[in-house]
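*Asks:* Okay, here's the structure, questions in a sec.
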Amino acid sequence: MDSSARSLAEWLRSWPDDRLAALLQARPDLAVPVPSDLGVLAARAAVRLSVLRALEQLDAFSLALLDGLVLTEDTTSYAAVAALVGDAAPAARVHEGLDRLQDLALIWGPDSALRVVGPVRDVIAPSAAGLGRPVATLLARLRPADVAPVAERLGVEGVGGVAALFADSARLADLLAQADDPARRVLEALAAGSPLGQVQDARRRSPLLPTDTPVRWLLAHALLVPIDDDTVELPREVGLAVRGASALGALHPYPPTLVTTAAGTGPVDTAAAQAAADVVSKLETLLEAWTVAPPTVLRAGGLGVRELKRAAVLADTSTMTAALLLEIAAAAGLIDQTPGPDPEWLPTPGYDAWVAAPPELRWVRLASAWLAMPRLPALVGERDDRDKVLAALGPEMERSGAPAGRRRVLDVLAEAPPGRSVERAGVAALLVWSAPRRGGRLRDLMHRWTLDEAALLGVTGRGGLASYARTLLEGNEPAAGKLLGAQLPDPLDHVLIQPDLTVVAPGPLERELARELALIADVESTGGATVFRVSEATVRRALDAGRSAGDLHALFATRSRTPVPQALTYLVDDVARRHGRMRVGLASSYLRCDDEALLAEVLAAKRIAPLRLRRLAPTVLVSRQPMEVVLEQVRAAGYAPAAEAPDGALLVARQDVRRTPLRPRPHRYAETPLSGDQAALSVTALRAGDLASRAARRAPVTTTRSTTTDTLAFLQRAARERRQVWLGYVDAQGRATSRVVEPRSVGGGFITAWDHLRSEDRTFALHRVTGVADVGED
């Protein structure tokens, strides 16, 4: 490294290529677009926004070291920082922390003269090491009439005299020794915590400056300085003196230990796989229901509270879990809102491909969407700044930092050995230590939300990261699917029918069997096994869908591992016998039946009176109500009519499969780290540009008519001597450029040279050359 460097640019120029590449990978915002030279790179590294992003990468100890560097006004040294740290950390750890700060270009210079990049000082200084501002800064904010009595009591003149006293450690120690125990406790409390304290009438003026209380005595001696009517601040010099050997406060040079407990790889994977299968099943149930009865989209976007509650009932889960499933489904492209003035939420064509895939691949798609989803489903039901409730699938759920926040939590879980459960408190402590400045107000909530969602999705089980989830985090989705598939039970081709007309599915069912069972029975309970209930209404539903009594008997006989109860057989036969004897069609609607007595009974029934039926013929009644209303009310009265088509055939009720195209998603800029190859190419361009930039500062030989011969001779000599030159050039579009080249040959009006900017041989037209110069050593 160049110990004589006078600027950050010169310091970066002395770095080897691999270190520059590492800087661009650690701070990718510096490389977009690639800087034209190292001076531009240094300027970008000193931009406040870029500095703030770099500070978010620092752990608590590195930030503490940076606090120590900022406490000095200009330059400092490794020895001075080590003295501030004291025995709290070994010298090797201090060196490691300072190297980290240099690698991020937050500080520069040799160990004997370390300098902090300007904006870093501006960001850190106001709260460096939890200390207040210098006494001179605090007193300068007061009126001279308020400072004079304090200076007189201390035996000095003005703000400068007080600052000089506080800068003398011996004189300051003598002053602190005069403080009694209560005053000393006040100083110790402020030095250990926030340097700000609340005091009534902090700026109260009195010629006598009463010192009847510890705080008043401290104010009278400038050991506390009022900054407004009710707030005082502990000067930085006093805080350092009170802390003594612990000048930087409580230091934690190493990350907290991640406490884990043995759970076993098998139990972790088994519990996680059960949750994964449950998530896939619940989401399929929910979206199948939305295919038939899609909910509407709120005017402001999103899903209404009532619709979310209905979705939770359909999926047999809580509203928060339903919101999470729907947000993931939207992120995976499985649902979207329909176009038009009255949009609805419907599955997309991608849902059909998803539902046809094996369960493990369906889960992989959901989990991948969750990891990359820039939304926080846990905010559903909270209120925004306008006191408006945040809706599921609404635009207010967007949080660009959500993917990075989830990844940080999961990376902590991945540090634990396989089969080990991790305590939540340990995860939070490690996250806070590793990046204290990252996360904002949601940081403490984000890790809890992520752990809850990971458990619900089957990413974790019993507090530990599942083996297939580890593989997914490594980016190997096919391998993750195979590992999960090995944990999932094979789909069952049978059920257990009970005498009480319940059907028990002891595990996940084959897709075709699950569809048929959902048609002929309603879910009564879920869990390790799913319990369905067969009733008259569900049998009629199956008959309306085109199934016959024989189809239902065959299904029960072939798919049940237990004998089919006689009560179920009687129920199917009874409903089938009555089903369709009475037909409802369009008149507005009509009702016909070959059994005149049955039709007369219907006509006289009080529950059917609102339909205002009238007889057209002995076997035909008509109504002004729509066919759907007539069907519903006649069935509610205990009869079993069937719908009839205009041609007299039985109208089979089939569920319309509705889909909506997936709308184009708005492009969201996501900063991705540079790969090793990208960083190396960027450094190559940086070096070439920097070389050209420095060469351009020299006065070139201009190519006027009188000097063209000189330019040609200059380039020919450079080609013979194999040396680099600076070349000013105008391209075919008329743009002026400058670059460093190594001429290979010159002749025929063209120059063939190695272009360091492009890292390739190029040909330049001699008449477009605007200037040349030697490239010498700086």
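The values are calculated or read from the model by the stated rules, or taken from the named source; none is laboratory data. Everything numeric in this text was worked out from a predicted model, so none of it was measured. Glycine gets a Cβ as well: all are built from the backbone with ideal geometry, and neighbour counts include every protein chain shown. Surface accessibility is based on the protein's heavy atoms, side chains included, excluding ligands, DNA and RNA. Shrake-Rupley method; radii C 1.70, N 1.55, O 1.52, S 1.80 Å.
*Asks:* Looking only at the stretch 513-572, which residues are surrounded by 13 or more Cβ atoms within 10 Å (Cβ to Cβ), of a type in the set (S, T, Y) and not in a helix (DSSP H, G or I)?
*Replies:* T526, T530, S535, S548, S560, T562
*Asks:* If you don't mind, another one. Give me the residue from the stretch 422-474 that is open to solvent by less than 40 Å² (accessible area, probe 1.4 Å) and free of Cβ contacts under 8 Å to residues at least 24 places away in the same chain and, out of that set, nearest to L52 (Cα to Cα).
*Replies:* L431
*Asks:* Consider only pairs whose beta carbons are under 9 Å apart and that are at least six residues apart or on different chains; among these, list those whose first residue lies in the stretch 590-615 and is farther than 15 Å from V630 by Cα and whose second residue is open to solvent by less than 50 Å² (accessible area, probe 1.4 Å) and part of a loop (DSSP other than H, G, I, E, B).
*Replies:* D594/T619; D595/T619; E596/T619; L598/Y639; E601/Y639
*Asks:* Enumerate the pairs (first residue in the stretch 273-298 and under 10 Å from L314 (Cα atoms); second residue anywhere and modelled with pLDDT under 90 and open to solvent by less than 40 Å² (accessible area, probe 1.4 Å)) with beta-carbon separation below 6 Å, excluding pairs fewer than 6 apart on the same chain, so at least 6 apart or on different chains.
*Replies:* Close Cβ pairs satisfying both conditions: K282/A315; T285/A315; L286/A315.
*Asks:* Only one of (1) outside any loop (DSSP other than H, G, I, E, B); (2) open to solvent by less than 60 Å² (accessible area, probe 1.4 Å); (3) of a type outside the set (F, W, Y) is not met by K482, so which one is it?
*Replies:* That leaves (2) as the condition not met.
*Asks:* Now for a different question. Inside the stretch 145-155, can you point out the residues that are open to solvent by 20 Å² or more (accessible area, probe 1.4 Å) and under 19 Å from R133 (Cβ atoms)?
*Replies:* D146, L154
*Asks:* Mind listing whichever residues of the stretch 389-448 are charged (D, E, K, R) and part of a helix (DSSP H, G or I)?
*Replies:* Once the filter is applied, which keeps residues that are charged (D, E, K, R) and part of a helix (DSSP H, G or I), the stretch 389-448 yields E396, R406, R407, R408, D411, E415, R424, R441, R443, D444, R448.
*Asks:* A further question follows. Of the residues in the stretch 661-690, how many are open to solvent by 30 Å² or more (accessible area, probe 1.4 Å) and at pLDDT 75 or above?
*Replies:* Of the residues in the stretch 661-690, 13 are open to solvent by 30 Å² or more (accessible area, probe 1.4 Å) and at pLDDT 75 or above.
Matching residues to (1) open to solvent by 40 Å² or more (accessible area, probe 1.4 Å); (2) charged (D, E, K, R); (3) touching a Pro at 6+ places or on another chain (Cβ under 7 Å):
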residue	(1), (2), (3)
S77	no, no, no
A82	no, no, no
A91	yes, no, no
H95	yes, no, no
R100	yes, yes, no
D103	yes, yes, no
G109	no, no, no
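*Asks:* Mind counting the residues in the stretch 616-626 that are modelled with pLDDT of 85 or more and not in a loop (DSSP other than H, G, I, E, B)?
*Replies:* The qualifying residues number 4.
Yes or no, residue by residue, for (1) touching a Leu at 6+ places or on another chain (Cβ under 8 Å); (2) open to solvent by 50 Å² or more (accessible area, probe 1.4 Å); (3) within 21 Å of A688 (Cβ to Cβ):
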| residue | (1), (2), (3) |
| --- | --- |
| L12 | yes, no, yes |
| P16 | no, yes, yes |
| R19 | no, no, yes |
| L23 | yes, no, yes |
| R48 | no, yes, no |
| R53 | no, yes, no |
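*Asks:* How many residues are among the basic types (K, R) and over 21 Å from the mean Cα position of the chain (by Cα) when one looks only at the stretch 325-380?
*Replies:* Qualifying residue count for the region: 1.
*Asks:* Inside the stretch 733-754, can you point out the residues that are part of a strand (DSSP E or B), modelled with pLDDT under 85 and of a type in the set (K, R)?
*Replies:* Across the stretch 733-754, the qualifying residue is only R739.
*Asks:* How do the helices (runs of 4 or more DSSP H) wholly within the stretch 211-318 filter down when requiring 1 or more residues that are touching a Phe, Trp or Tyr at 6+ places or on another chain (Cβ under 6 Å): which remain?
*Replies:* Qualifying helices (runs of 4 or more DSSP H): 236-243, 265-292.
*Asks:* Being at pLDDT below 70 and either within 15 Å of G580 (Cβ to Cβ) or not in a loop (DSSP other than H, G, I, E, B) (or both) is the filter; apply it to the stretch 648-659 and report the residue that is farthest from the chain's Cα centre (by Cα).
*Replies:* Taking the candidates together, the pick is L651.
*Asks:* Out of all the residues in the stretch 81-97, is one or more at pLDDT 90 or above, touching a Gly at 6+ places or on another chain (Cβ under 6 Å) and in a helix (DSSP H, G or I)?
*Replies:* Scanning the stretch 81-97, I find no residue that is at pLDDT 90 or above, touching a Gly at 6+ places or on another chain (Cβ under 6 Å) and in a helix (DSSP H, G or I), so the answer is no.
*Asks:* Does any residue in the stretch 342-357 that is within 14 Å of T285 (Cα to Cα) and open to solvent by 20 Å² or more (accessible area, probe 1.4 Å) come within less than 9 Å, Cβ to Cβ, of a residue that is at pLDDT below 90 and part of a loop (DSSP other than H, G, I, E, B) six or more places away or on a different chain, and which pairs are these?
*Replies:* Taking only residues 6 or more apart or on different chains, the pairs are D352/V657; D352/R659.
*Asks:* Evaluate the following for A378: is it in contact with a Gly (Cβ under 8 Å, 6 or more places away or on another chain) and open to solvent by 10 Å² or more (accessible area, probe 1.4 Å)?
*Replies:* No: the conditions fail for A378.
*Asks:* Restricting attention to the stretch 382-400, which residues are open to solvent by less than 50 Å² (accessible area, probe 1.4 Å) and of a type in the set (G, A, S)?
*Replies:* Those that are open to solvent by less than 50 Å² (accessible area, probe 1.4 Å) and of a type in the set (G, A, S): A391, A392, G394.
*Asks:* Let me ask another. Could you grab me the full set of residues in the stretch 114-155 that are more than 29 Å from L248 (Cβ to Cβ), in contact with a helix residue (DSSP H, G or I) (Cβ under 7 Å, 6 or more places away or on another chain) and among the hydrophobic types (A, V, I, L, M, F, W, C)?
*Replies:* V147, A151
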